[in-house]
Amino acid sequence: MTILIIVFSIILLILGVIGSILPILPGPPLSFVGLLLLHLFTPFVMQEDYLFLFGIAAAMITFLDYWLQVYSVKLFGGGKASTIGVIIGILVGVFIFPPVGVLVGPFLGAYIGAIIESDFDLVKSFKIAFGSLIGFLGGTILKFVYSIVVIWQYLDFLI
């Protein structure tokens with residue numbers, strides 16, 4: 001039974017890394033569940049403090065992944081309409097055209113919102129929409145690093 005749990009947790013870790021790149025899968029939560037399975041159902045035990053920190057980090061990174069897109073739009077000069085456009089783009093992209101929609105939706109939402117608020121200044125609107133892309137890449141890097149650290153901790157368990 002322990003071998004089966006280890007195999008299943010390794011699958012979750014792999015899906016976590018894939019999910020850090022493909023937005024359709026929740027990468028950090030999957031990685032954390034893989035770590036949690038190893039801790040709860042095998043003889044390999046991790047200190048609860050570390051496990052708690054990994055769980056909090058997974059939740060925070062999942063939240064930051066979406067927040068970074070909104071923040072980066074504001075950082076690149078977007079206003080209220082651009083921010084609302086990003087939020088609508090995230091929701092539409094997640095539910096209608098995943099996984100490509102998670103990248104394209106916020107970009108188009110920010111672009112349309114920026115066009116509305118900048119009196120059709122296409123260059124400025126593109127710059128603001130580019131900010132949403134920067135936020136997406138920042139979130140992807142955070143998720144990827146977290147998933148790799150979880151795998152490293154997982155291997156430290158087994159060795």
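The values are calculated or read from the model by the stated rules, or taken from the named source; none is laboratory data. Just so you know, these numbers come straight off a predicted model, no measurement behind them. As a convention, Cβ positions derive from the backbone with ideal geometry for all residues, glycine included, and neighbour counts pool all protein chains shown. Remember, those area values only see protein heavy atoms, side chains included, never the ligands or the DNA or RNA. Shrake-Rupley method; radii C 1.70, N 1.55, O 1.52, S 1.80 Å.
Contact list please: Cβ distance under 6 Å, first residue in region 82-106 and in contact (Cβ under 8 Å) with a residue 24 or more places away in the chain, second residue surrounded by fewer than 18 Cβ atoms within 10 Å (Cβ to Cβ) and in a loop (DSSP other than H, G, I, E, B), pairs at least six apart or on different chains.
Qualifying pairs under 6 Å: P98/I24; P99/L22; P99/I24.
Mind checking whether some residue in region 42-49 is in a helix (DSSP H, G or I) and open to solvent by less than 30 Å² (accessible area, probe 1.4 Å)?
No, because not a single residue in region 42-49 is in a helix (DSSP H, G or I) and open to solvent by less than 30 Å² (accessible area, probe 1.4 Å).
Does A58 meet the test of being at pLDDT 90 or above, open to solvent by less than 20 Å² (accessible area, probe 1.4 Å) and over 30 Å from L37 (Cβ atoms)?
No; evaluated as a whole, the condition is false for this residue.
Suppose we keep only residues that are open to solvent by 70 Å² or more (accessible area, probe 1.4 Å) and of a type outside the set (V, I, T) within region 1-16. Which one would you say is modelled with the lowest pLDDT?
M1
Taking region 17-33 on its own, how many of its residues are buried (at least 23 other Cβ atoms within 10 Å of the Cβ), under 15 Å from L53 (Cα atoms) and under 11 Å from the mean Cα position of the chain (by Cα)?
Residues in region 17-33 being buried (at least 23 other Cβ atoms within 10 Å of the Cβ), under 15 Å from L53 (Cα atoms) and under 11 Å from the mean Cα position of the chain (by Cα): 1 in total.
Check region 118-132 and report whether any residue there is under 21 Å from L22 (Cβ atoms) and not aromatic (F, W, Y).
yes
Take D65 and decide whether it is of a type in the set (D, E) and either open to solvent by less than 80 Å² (accessible area, probe 1.4 Å) or in contact with a strand residue (DSSP E or B) (Cβ under 8 Å, 6 or more places away or on another chain) (or both).
yes
Tell me which of these G85 doesn't satisfy, since it passes every other one: (1) open to solvent by 80 Å² or more (accessible area, probe 1.4 Å); (2) farther than 29 Å from G16 by Cβ.
Here G85 clears every test but (1).
Within region 24-38, track down each residue that is more than 15 Å from A59 (Cα to Cα) and not in a helix (DSSP H, G or I).
Hit for region 24-38 is I24, nothing else.
Are any residues in region 72-82 at pLDDT below 90 and open to solvent by 50 Å² or more (accessible area, probe 1.4 Å), and if so, which ones?
K74
In region 94-106, how many are surrounded by fewer than 23 Cβ atoms within 10 Å (Cβ to Cβ) and either at pLDDT 85 or above or in contact with a Lys or Arg (Cβ under 9 Å, 6 or more places away or on another chain) (or both)?
Within region 94-106, residues that are surrounded by fewer than 23 Cβ atoms within 10 Å (Cβ to Cβ) and either at pLDDT 85 or above or in contact with a Lys or Arg (Cβ under 9 Å, 6 or more places away or on another chain) (or both) number 1.
What residue, among those in region 8-51 that are free of Cβ contacts under 8 Å to residues at least 12 places away in the same chain and in contact with a helix residue (DSSP H, G or I) (Cβ under 8 Å, 6 or more places away or on another chain), is farthest from W152 (Cα to Cα)?
L25
Condition first: surrounded by 24 or more Cβ atoms within 10 Å (Cβ to Cβ) and within 13 Å of I84 (Cα to Cα). Now tell me which residues in region 112-140 satisfy that.
Within region 112-140, G113, A114, I128, A129, S132 meet the criteria.
Return the total of residues in region 77-108 being assigned to a helix (DSSP H, G or I) and more than 17 Å from D65 (Cα to Cα).
Result for region 77-108: 5.
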